Structures are given as structure tokens and as C-alpha cells.
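K.L.:
Handing you a structure now.
The values are calculated or read from the model by the stated rules, or taken from the named source; none is laboratory data. Being a predicted model, the structure only gives us computed values, none of them experimental. With ideal geometry, Cβ positions are generated from the backbone for all residues, glycine too; neighbour counts draw on all protein chains shown. SASA here: full protein model, heavy atoms, side chains in, ligands and nucleic acids out. Shrake-Rupley method; radii C 1.70, N 1.55, O 1.52, S 1.80 Å.
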Amino acid sequence: MLRIESFSLGPLQTNAYLLRGDDDGRAVIIDPGMNPGPLLRRIEGLEIEAILLTHAHFDHIGGVEEIRKLKGCPVYLHSLESEWLTSPKLNGSLMWPTVTGPIACEPAEFDLAEGQKIKLIGHEFTVYHTPGHSPGSVSFLCGDDLFSGDCLFKLSVGRTDLPGGREADLYNSIRGTLFRFADETKVYPGHGPKTSIGFERANNPYVSG
């Protein structure tokens, strides 16, 4: 069973997820955002096997370097955004000077790609390329738990007006990929409360019907 803890981090209240399997001592982090203090305190004493990034916008990567250096763990990111970690211009942190200073990280150790399967903490994570919010956006499926990044939210969808965003791609990612999962699939988004595929398929005003 995958145990999931969420942390709402930084001024944009980005969801970071701490995932553990049967071994309490090992964990995976998805999207360690800005101001990661609560997450850092929680992972004291844990071995972090990996940081998985749904995409490389600044609010999702603000805690990457601090955690990577503290825990010596690798970072996984889709190859289309491989340069975004190192570039404040590409990751958007230069666009929001009232929210954050420039954010730059070392490159990711591993690339992500469509259909890739990653075994971590005794579980298998499948990577789905779900562009639209950004070109390298991915979603991670582990059992019936889906981590959708900024692709699909409860009763909403990701914005597409940032550089590299494309509305047609976003809707195709949701309808053509995410909505193929079972109704009971639980969705853990990059912002806001969790939801389910069945609920969104029936009720989301942007992509239902």
C-alpha cells in the first residue's frame, strides 16, 4: 500500500507529496516546492530514494536543491524540460519577482519518457507524458493513485498561457490519457484538493461530457 502525505508549500500553495511503501525508512518526493521547511522537517531520518518532478515550473522545484543536497537523491524530469531546472527564465521564476527570486538547480540525473516504469520504495510508477500546461509535463500512476501535476485539478484544469503551454495539448492529455483510467483512480494534483477520475469525467466543466 502506498502511503501519501501532502504538503502545501510556498506562496502558490503547491502540493508536494511524500510517498512511502511498506518500509517506513524509505520515501519518494513528488514536486518539492518553495519554502519546503515543513517537508524538510518531516523527512528527517528518512532515506529519500528519488525526487520525481511532474514539470519544472519554479513553484514545483523550489525545494529541489536543498533536498537533493541534504539526502543525496537523484531527480527525475522529462527531457523536454531538461534545461528548465538550470534556467530562471525557462522555469518562470524571473517572471514573478514579487513572488520569488531567481530559482536555478543542477540538471536532473534522469530523464522521464512516456511509458517509462520506475521501481521505487517497493512500488512501480508509470510515467505518462501529459503536455499542455508545459511541454514536458508528466503524470505518475502508481496502482490507483495518479499524480497529475498541473494538468488536471478538482473541477479545473491547468493554465496554458505560460511559455510552452498549449490548450489543445492539455485537453488531449486529459481526455486522451487521464480519462482512460478507471473511475476510482484517485487524483493528486499540483494544487488544491485531491479528486478522482470518475468525478472529474462527470463534473469537470472544462473537460466533462
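K.L.:
What are the pairs, 6+ residues apart or on separate chains, where a residue within the stretch 100-124 that is over 16 Å from Ser139 (Cβ atoms) and in a loop (DSSP other than H, G, I, E, B) has its Cβ under 8 Å from a residue that is of a type in the set (A, V, I, L, M) and open to solvent by 40 Å² or more (accessible area, probe 1.4 Å)?
P.N.:
Sorted first by the residue in the stretch 100-124, then by its partner, the pairs are Pro102/Leu94.
K.L.:
Among the residues of the stretch 69-103, which ones are over 16 Å from Ser134 (Cβ atoms) and among the basic types (Lys, Arg)?
P.N.:
Lys69, Lys71, listed by residue number.
K.L.:
Now a separate question. Considering every residue within the stretch 182-189, establish whether at least one is in a loop (DSSP other than H, G, I, E, B), of a type in the set (A, V, I, L, M, F, W, C) and closer than 19 Å to Ser208 by Cα.
P.N.:
There is at least one residue in the stretch 182-189 that is in a loop (DSSP other than H, G, I, E, B), of a type in the set (A, V, I, L, M, F, W, C) and closer than 19 Å to Ser208 by Cα.
K.L.:
Right, next: Being farther than 10 Å from Ala56 by Cβ and surrounded by 13 or more Cβ atoms within 10 Å (Cβ to Cβ) is the filter here, so list the residues in the stretch 88-100 that pass it.
P.N.:
Passing the criteria: Pro88, Lys89, Ser93, Leu94, Met95, Trp96, Val99, Thr100.
K.L.:
Which of the residues spanning the stretch 132-169 are part of a loop (DSSP other than H, G, I, E, B) and buried (at least 22 other Cβ atoms within 10 Å of the Cβ)?
P.N.:
Gly132, His133, Ser134, Gly136, Ser137, Asp150, Cys151, Gly158
Here's the yes/no breakdown for (1) small (Gly, Ala, Ser); (2) open to solvent by 10 Å² or more (accessible area, probe 1.4 Å):
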| position | (1), (2) |
| --- | --- |
| Thr14 | no, no |
| Arg26 | no, yes |
| Gly33 | yes, no |
| Leu46 | no, yes |
| His55 | no, no |
| Gly72 | yes, yes |
| Ser79 | yes, yes |
| Ser82 | yes, yes |
| Thr86 | no, yes |
